[in-house]
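The values are calculated or read from the model by the stated rules, or taken from the named source; none is laboratory data. Please read these numbers as outputs of a predicted model, since none were measured by experiment. Positions of Cβ are backbone-derived with ideal geometry, glycine not excepted, and every protein chain shown enters the neighbour counts.
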Amino acid sequence: MAMQRRVSLFIATSLDGYIADSNGEISFLDLVKADGEDYGYSDFFNTTDTVVLGRKTWDTLQTMGIENPYADKEVFVISRSKAGKSGKVTFTGLDPCALVEQLRCIPGKGIYIDGGAETVNTLIRKKLIGHMVISVIPVILGGGIRLFGEGNPLQNLKLINSRSFPTGLVQLEYVVE
Ligand SMILES: NC(=O)c1ccc[n+]([C@@H]2O[C@H](COP(=O)([O-])OP(=O)(O)OC[C@H]3O[C@@H](n4cnc5c(N)ncnc54)[C@H](OP(=O)(O)O)[C@@H]3O)[C@@H](O)[C@H]2O)c1
């Protein structure tokens with residue numbers, strides 16, 4: 001079988017497992033903002049050439065005034081409601097699993113799954129995410145959008161790195177066995 005590209009999740013969560021608060025906001029990430037510290041994001045970003053994300057995450061970026069944070073990457077926004085292509089950003093009605101299965105067979109760098117939870121869990125249910133970098137923010141949100149939903153199949157993870165930072169952020173890196 002030909003080499004398949006790595007499919008990676010790089011995401012931040014509260015200690016109680018939420019990627020956004022109950023208003024869908026991610027201002028809790030500001031708790032760990034630190035000058036000159038990107039928690040390995042740009043190194044990770046450079047290992048990828050393709051980004052897959054859900055339409056709601058895309059819209060959140062737009063409301064934050066970030067037109068396209070993915071620079072020169074090939075970007076696929078999953079949506080049942082929007083279609084079209086603008087530059088390297090494609091809105092696609094393809095099921096995220098079918099999309100990732102196609103993309104990972106095309107030669108290239110890694111595939112970055114940005115989120116959000118609906119997109120991630122759809123992929124996890126089919127065991128399509130092979131690598132995860134999870135940054136745990138030192139806060140309990142008490143509610144919001146859960147990173148991991150119910151009903152995912154058992155998947156054993158191998159911890160390949162863990163780091164902690166002076167801000168209290170703990171970063172866990174896993175490969176799915
Ligand atoms: N903490 C972090 O690091 C982090 C990272 C990423 C995102 N987030 C946050 O997560 C929140 C969004 O997460 P979310 O789970 O609500 O939404 P999401 O996964 O970003 O987007 C969901 C949308 O994507 C499309 N979609 C997803 N799965 C699909 C499928 N199987 N088939 C067809 N379309 C599908 C649908 O778009 P249509 O409705 O257009 O059909 C759906 O409404 C935002 O608040 C964002 O800021 C946080």
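For the range 55-106, which strands (runs of 3 or more DSSP E) that fit wholly inside it have 3 or more residues that are modelled with pLDDT of 95 or more, surrounded by 12 or more Cβ atoms within 10 Å (Cβ to Cβ) and more than 16 Å from the chain's Cα centre (by Cα)?
Values: elements: 74-78, 84-86, 89-92.
Those strands (runs of 3 or more DSSP E) span 89-92.
Do you know which residues across the range 19-30 are modelled with pLDDT of 95 or more and either part of a helix (DSSP H, G or I) or within 8 Å of the ligand (Cβ to nearest atom) (or both)?
Restricting attention to the range 19-30, the residues satisfying the condition of being modelled with pLDDT of 95 or more are 19-22, 26-30.
If the condition is that a residue be modelled with pLDDT of 95 or more and either part of a helix (DSSP H, G or I) or within 8 Å of the ligand (Cβ to nearest atom) (or both), then Ile19, Ala20, Ile26, Ser27, Phe28, Leu29, Asp30 are the ones that fit.
Only residues that are surrounded by fewer than 20 Cβ atoms within 10 Å (Cβ to Cβ), of a type in the set (Val, Ile, Thr) and out of contact with any Ser or Thr (no Cβ under 9 Å at 6 or more places or on another chain): list them for the range 122-146, please.
Within the range 122-146, Thr122 is the sole residue that qualifies.
So in the range 35-54, with the set limited to residues that are more than 20 Å from Leu123 (Cα to Cα) and within 12 Å of the ligand (Cβ to nearest atom), which one is surrounded by the fewest Cβ atoms within 10 Å (Cβ to Cβ)?
Here the answer is Tyr41.
What's the number of the condition Ser42 fails, among (1) small (Gly, Ala, Ser); (2) in contact (Cβ under 8 Å) with a residue 12 or more places away in the chain; (3) on the phi < 0 side of the Ramachandran plot?
Going through (1) small (Gly, Ala, Ser); (2) in contact (Cβ under 8 Å) with a residue 12 or more places away in the chain; (3) on the phi < 0 side of the Ramachandran plot one by one, Ser42 breaks only (2).
Do you know which of the residues in the range 55-83 that are of a type in the set (A, V, I, L, M, F, W, C) and within 12 Å of the ligand (Cβ to nearest atom) is nearest to Gly108 (Cα to Cα)?
Narrowing the range 55-83 to residues of a type in the set (A, V, I, L, M, F, W, C): 58, 61, 64, 66, 71, 75-78, 83.
Next, only the ones that are within 12 Å of the ligand (Cβ to nearest atom) stay: 58, 61, 64, 66, 76-78, 83.
Working: Trp58: 23, Leu61: 26, Met64: 30, Ile66: 26, Phe76: 15, Val77: 19, Ile78: 20, Ala83: 24 Å.
Step by step, filter the range 55-83, then rank; the result is Phe76.
For the range 6-25, indicate whether the set of residues that are farther than 24 Å from Gly149 by Cβ and surrounded by 17 or more Cβ atoms within 10 Å (Cβ to Cβ) is non-empty. Full working, then the answer.
Of all residues in the range 6-25, those farther than 24 Å from Gly149 by Cβ come to none.
No, that holds for no residue.
Can you tell me which residue is nearest to Gln62 (Cα to Cα) among those in the range 107-142 that are charged (D, E, K, R) and part of a loop (DSSP other than H, G, I, E, B)?
Within the range 107-142, the subset charged (D, E, K, R) is 109, 114, 118, 125-127.
Still in the list and also part of a loop (DSSP other than H, G, I, E, B): 109, 126-127.
Numbers: Lys109: 26, Lys126: 29, Lys127: 29 Å.
Going through the qualifying residues, I end up with Lys109.
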